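One structure below.
The values are calculated or read from the model by the stated rules, or taken from the named source; none is laboratory data. What you see is a predicted model, and the numbers here were worked out from it, not measured in a lab. Quick reminder, even Gly has a Cβ in these numbers, built from the backbone with ideal geometry, and neighbours come from all protein chains shown. Please note that ligands, DNA and RNA were not included when accessible areas were found on the heavy atoms of the full protein model with its side chains. Shrake-Rupley method; radii C 1.70, N 1.55, O 1.52, S 1.80 Å.
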Amino acid sequence: MLRNCFTEEHDLFRKSYRRFLLQEVTPHRDAWRNAGIVPREMFRKMGEQGYLLIWAPEAFGGLGIEDFRYQQIMIEEDHQFGEVGFYHTLHSRLVAPYIKHFGSLEQQQRFLPPCVRGDCILAIAMTEPGAGSDLAGMKTYAIERDDHWVVNGSKIYISNGINSDLIVVAAKTNPDRPRQIGLFLVEAGLTGFARGRNLRKLGLNAQDTAELFFTDVKVPKANVLGDPAKGMPYLMQGLIEERLLAACGCLASASYAFELTRTYVSQRRTFGKLLSEQQNTRFKLAALRAELDVAQAFVDCCVAAHNAGRLSATEAAEAKLYTSELQGRMVDEGVQLHGGAGYMREQEICNLYANARVTRILAGSSEIMKEIIARSIFEDS
């Protein structure tokens, strides 16, 4: 599909980033997946090349590039030539923007430069054993003292949970108001903070995912993000970009799965014919090709709208819903057309299949996306 949304500068950036991935990431993918974690120095290598927090102002060490298309390019390249379990996008585009949008100048000066360099790795801790999409159900709480807050509770399924140096922790700040939440910058060295084990997952095996525990953790008031009563709207504000990031990733994964499958069926013979010469294969891939192209056009439009500050919560939900469901169909069909080989870890389609399952859950489940879209249909009219 011809895409007219990128400039020559974008194309040069894509080539440069792809070279970096082929040199620094691709050769190590299997080792990282087996280890269940990406080495910390990879964040520093990314930082040295200017690939972390590219939006950060030059005063903080960044490139000052707000154009989301550069992150879109990195996501697309990561899925084909990198390792999707290397969660630098979460570091750069999901967590760091909370410091940008809601942090004080002092907090930005203190934390953003080491994040740009890759010396300080970020995570965000919202999910709990009994509270996923329903943040109002969280049990973690913070009590205000003279010059600090005391945080108690636990979080689960936290990406970058082992590597992280700084965690944005959501905690209730008023027991009488379940939706009153504060965001606290918890530094890994604080007394009372502990990590659980690196959790084993179906997919994304290179991603370090952990439980986090907070026992009477004293968080200085200088580490509170914005108003400690407004964490919920802060989190909601970040969801539009988070879902757009997810949509870009889902579509990139689905597109890569398509190419892997197209290549395989063009080489594999059954009953004396190439799979690509058989009508079932051709029709299956023809239908998926059409869906992928339609999805790409919509996502590119969403990126343009986001760059212009006009992407709505409903549009972001539509993009995330459609691309994650399409990704699921594509990887499933990819495994089917690979036959028994598709069930083997040696085939990348197998890893794509395992990685894809979580995308209909993270950043808001498909059911939540449908509810958001339904509200725009029936309640906004």
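Results, tabulated for the structure shown:
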{"item": "Chain lengthening between Met344 and Gln49 when straightened (0.36 nm per residue, less Cα-Cα)", "result": "102.7 nm"}
{"item": "Filter on Lys139/Lys370; Lys221/Lys370; Lys45/Lys230; Lys45/Lys139; Lys45/Lys172 - keep pairs with C-alpha separation over 29 Å", "result": "Lys221/Lys370; Lys45/Lys230; Lys45/Lys139; Lys45/Lys172"}
{"item": "Kirkwood-Stokes translational diffusion coefficient of the range 228-381, alpha-carbon pairs, 25 °C, 0.890 mPa s, µm²/s", "result": "146 µm²/s"}
{"item": "10 °C / 1.306 mPa s Stokes-Einstein diffusion coefficient of the range 58-129, Kirkwood radius on C-alpha pairs, µm²/s", "result": "118 µm²/s"}
{"item": "All aspartates and glutamates inside 14 Å of Lys284 as judged from Cα atoms, apart from same-chain residues fewer than 8 positions distant", "result": "Glu259, Asp332, Glu333"}
{"item": "Options (1) 40, 25, 21; (2) 39, 30, 18; (3) 37, 22, 21 - which one matches semi-axes √(5λ) of the Cα gyration tensor in Å as calculated here", "result": "(3)"}
{"item": "Relative intensity, log₁₀ I(q)/I(0), of the range 179-296 from a Debye sum that treats every alpha carbon as a point, q = 0.20 Å⁻¹", "result": "-1.18"}
{"item": "Label-point gap, in nm, between Glu66 and Glu41 - each point 7 angstrom along Cα→Cβ", "result": "3.7 nm"}
{"item": "The range 270-381 - percent of accessible surface contributed by carbon and sulfur, probe 1.4 Å", "result": "56 percent"}
{"item": "Probe 1.4 Å, accessible area per residue of the chain, Å²", "result": "46 Å²"}
{"item": "Full-extension gain in nm, Ala59 to Ala286, via 0.36 nm per residue minus C-alpha separation", "result": "76.8 nm"}
{"item": "Residue list for the range 16-33, given a label point 7 angstrom along the Cα-to-Cβ vector of Glu259 and an amide N cut-off under 13 Å", "result": "18-19, 22"}
{"item": "Simple spin-label estimate for Arg329 and Asp176 in nanometres, 7 Å along Cα-Cβ", "result": "5.2 nm"}
{"item": "Accessible surface of the range 85-141 [probe 1.4 Å, protein heavy atoms]: carbon and sulfur percent", "result": "56 percent"}
{"item": "The range 275-362: trypsin sites (Lys or Arg not before Pro) in DSSP loop, at most 15 other beta carbons within 10 Å", "result": "Arg310, Arg345"}
{"item": "Axial C-alpha extent at least 27 Å, average Kyte-Doolittle at least -0.5 - helices from the chain (DSSP)", "result": "231-265, 279-307, 313-338"}
{"item": "Sum of -39500 (n - 2.57) over DSSP H runs of 4+, divided by residues of the chain (222 nm, nearest 500)", "result": "-15500 deg cm²/dmol"}
{"item": "Extended-chain gain in nm, criterion 0.36 nm per residue less alpha-carbon gap, Phe378 and Leu202", "result": "59.7 nm"}
